[in-house]
Structures are given as C-alpha cells and as structure tokens.
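One structure is given here, and the rest of the page talks about it.
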Amino acid sequence: MRKAKLPQEPSTVPELAVAEIQEPYDLEAAENLFRQAEQAEQSGDLESAFHAYTAAIERAPNMAKAYAGRAFLLMQSGMLEEAISDYDRALALQPDEWNWILNRGVCKFELEHLEDAIKDYDAAIALRPDCAPAYMNRGMAKTDLEDYTHALEDLDKALELNPDNAKALYQRGFCKAMLGREEEAVVDLSRAIELEPSDAYAYALRGSVNLNLGNLRQAKADYDDAIRLDPDDADLYVRRGNVRQMLGDSEGAERDFAEAARLNPDLWKQ
C-alpha cells in the first residue's frame, strides 16, 4: 500500500458520532471545500486534500463523501484504523456505496481482521455482483484463512470477470498448488508472469511448484529469475542452492548458501 504524507495526529479532527449529526449549516462552503480537496488530491498535494476534507466535514457534518474522501487518504497513508472510522461514518449516512464498503474491507484485511474483511467483501458483492476486485480480495482473505477451496471459487469468479488480472492468477496458482493441483498452478503462474514479468514472487512460487513436480531445471531457472528481480532475498538463494544440490552442482549450491548467509547472518540459527 502506498504511504502518503498526512498530518500525524488525525485524532485532532472533531469526533462526530452519527447520532449527533445535524443538518448542514454551510453546504455551499462544504461543497467548495470538497472540490478543493479533490483537486489537491489529483495534483498530489495530499496534506492539503486532508485538511480540505476535514474543513468540509466541519461545515457539513453529514457530508458522507467528505468522510469517504478523507478515509481514502488515510488508507493510502497506512492509518487504517482511522480510515475505517471515517468509512463507518460515511456508510452510516450512505450505506449502499459498494466501493466504500470494499475499501473498508481492504483496511480490515491489511489489519488481518480477516473475518470482518470478508463480511465487507460479501456486502460489496451483494451490491455490485460484477465487482472483480471484491471477489479477488475475498479470495485472498480466504486464502489467508487456509480455506483454499472457497478461495478458489472467488478467484475463478474474479478471473471470469477480469481474465488478465495477474494478481488473481498468482493467488489462484497458489491455491491450486496448496490443493495439490500443481500442473494447473504452473499454468496460472506462467500466465501471471506473462502479464507481470517483474514479479519475483510469481517466479519463486512457480519454482517451488516445479520443484515439487520434479522439474528441477525449470525450478532452477525460475529461482534464477526471482533472484535477478529480488537479489537481496536470502531465502531465494537457499531454495536455489537446494535445487543445485539436487542437480549435482555442489559448488553452485555452496555459493548460494554463502550468499544467503551474507544477506541474513541469522538464517542458519533459525
């Protein structure tokens, strides 16, 4: 998640419980401030955008879109609890905004509140059944809960709606590998790599699947590419070193293990 520079004390923004919200007392000024916030956000001045959204809320405490706008900035900055609070306020006022529900689910997922995230993804899908990101995100949450079968159903739907989503292909490949469908996993991961050739994780996962299938030379080639893209990951050198040992390349394996130890001196203590 991209981190944005925002004020460090968002808690100084007045807390407005939904029950306390009154009719707006300066809607015209609030609308002008909301437009200023959008313009500042589009120009990359996220701190000014944050302050303009906050000022709009102060002038019109029932302006749901201002809470949602500020929530999105907070989410970008990594202030996830604060973002959830603003999305709660926005959705108390406009409960059928599926994209706000989806974003709140993303915040909960990032905080590892997986069951709560799934509830938000369920609600977003109920409102927008053709929302591919909601299916993909719900599939990711179910994957983290090790519910691979149901995760696969969501990822299938996400890819039905958006066949060229490299992230969904990677996730589906992972689920298939965990379910023992390794040849199918290789197909998904290969397609993910075609779409996103700079993804070291996809090469590394395909390397592990190829290793399990006994495709040692292909596994080594995958780890070669993963290391090329992410040369500071000690674990990748260990994996390639193990494959090199299996291929009879003892010297190459030793070089990989030495590099892994250099990158992570505590590696062999774990």
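The values are calculated or read from the model by the stated rules, or taken from the named source; none is laboratory data. All values derive from a computational prediction rather than experimental measurement. As a convention, Cβ positions derive from the backbone with ideal geometry for all residues, glycine included, and neighbour counts pool all protein chains shown.
The set of residues from the stretch 234-270 being of a type in the set (Gly, Ala, Ser), out of contact with any Phe, Trp or Tyr (no Cβ under 8 Å at 6 or more places or on another chain) and farther than 17 Å from Asp222 by Cα comprises Gly248, Ser250, Ala258. Scanning the stretch 49-77 for residues that are surrounded by fewer than 23 Cβ atoms within 10 Å (Cβ to Cβ) and basic (Lys, Arg), we see that the one that is farthest from Arg35 (Cα to Cα) is Arg59.
Here Ala204, Ala200, Ala219, Ala234 are screened, and the one residue that is aliphatic (A, V, I, L, M), crowded, with 19+ Cβ neighbours inside 10 Å and within 26 Å of the chain's Cα centre (by Cα) is Ala204.
Six or more apart or on different chains, Cβ atoms under 8 Å: show the pairs whose first residue is in the stretch 241-262 and over 16 Å from Leu211 (Cβ atoms) and whose second is surrounded by fewer than 16 Cβ atoms within 10 Å (Cβ to Cβ) and among the charged types (D, E, K, R). Listed pairs, sorted by first residue: Ala260/Asp235.
The rows are residues; the columns are (1) of a type outside the set (D, E, K, R); (2) closer than 19 Å to Ala177 by Cα.
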site: Ala204; (1), (2): yes, yes
site: Asn212; (1), (2): yes, yes
site: Leu229; (1), (2): yes, no
site: Asp233; (1), (2): no, no
site: Gln245; (1), (2): yes, no
site: Ser250; (1), (2): yes, no
site: Ala253; (1), (2): yes, no
site: Glu259; (1), (2): no, no
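Can you name every residue in the stretch 78-102 that is more than 18 Å from Thr54 (Cβ to Cβ) and acidic (Asp, Glu)? Of everything in the stretch 78-102, those that are more than 18 Å from Thr54 (Cβ to Cβ) and acidic (Asp, Glu) turn out to be Asp96, Glu97. Of the helices (runs of 4 or more DSSP H) entirely within the stretch 159-270, those holding at least 3 residues that are farther than 21 Å from Thr143 by Cα occupy 216-229, 234-246, 250-263.
Here the condition is being under 30 Å from Tyr237 (Cα atoms) and free of Cβ contacts under 8 Å to residues at least 40 places away in the same chain; of Arg181, Arg138, Arg104, Arg128, it holds for Arg181 alone.
Rundown of residues vs (1) closer than 19 Å to Lys108 by Cα; (2) in contact with a Lys or Arg (Cβ under 6 Å, 6 or more places away or on another chain); (3) of a type in the set (Asp, Glu); (4) modelled with pLDDT under 95, yes/no style:
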| site | (1), (2), (3), (4) |
| --- | --- |
| Pro129 | no, no, no, no |
| Ala132 | yes, no, no, no |
| Met136 | yes, no, no, no |
| Glu146 | yes, no, yes, no |
| Tyr170 | no, no, no, no |
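Restricting to the stretch 76-101, what's the tally of residues that are acidic (Asp, Glu), closer than 23 Å to Gln42 by Cα and in contact (Cβ under 8 Å) with a residue 24 or more places away in the chain? Total satisfying the criteria: 2.
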